[in-house]
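Engineer: The structure's right below; bear with me while I get my questions together.
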Amino acid sequence: MKIASYDIGIFILSITICLFSSYFNISSTTLGYKIGETKQTEIDLIERRSLLESELAKITSKSSLKQLSIPTEGPKDGKILASY
């Protein structure tokens, strides 16, 4: 049985199509994993931002700022603090 060049061409073309199909499937799967990882990072950053905003609001509240501005103890060595 003789193999024609037409048969070899069809065989090479089908192998090439299979390889490209596998490449695109692997690429799309990898891209899906990267998208999922990026979305999880986004969720983590949004939660972190929310915590930091609430902490900032707590720190910058009037009562917190007043408490920070009033010294609780005087100087330990008896010296007077200068205020300008």
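Values quoted throughout were computed directly from the atomic coordinates according to the rules given, and no laboratory measurement underlies them. All values derive from a computational prediction rather than experimental measurement. Using ideal geometry, Cβ is built from the backbone for each residue, glycine included, and neighbour counts are taken over all protein chains shown.
Engineer: Would you mind getting me the FRET efficiency between Ser69 and Glu47? Use the beta-carbon distance for r and R0 = 35 Å, nearest 0.05.
Structural biologist: The pair Ser69/Glu47 has a calculated efficiency of 0.65.
Engineer: Report the extension gain between Ile8 and Tyr33 in nm, rounded to one decimal, defined as 0.36 nm multiplied by the number of residues separating them, less their alpha carbon distance.
Structural biologist: The span from Ile8 to Tyr33 would gain 5.2 nm if fully extended.
Engineer: Using all C-alpha to C-alpha distances in segment 1-42, build P(r) with 10 Å bins and read off the rounded percent in each one.
Structural biologist: In order of increasing distance, the bins hold 26, 25, 20, 15, 10, 4, 0 percent.
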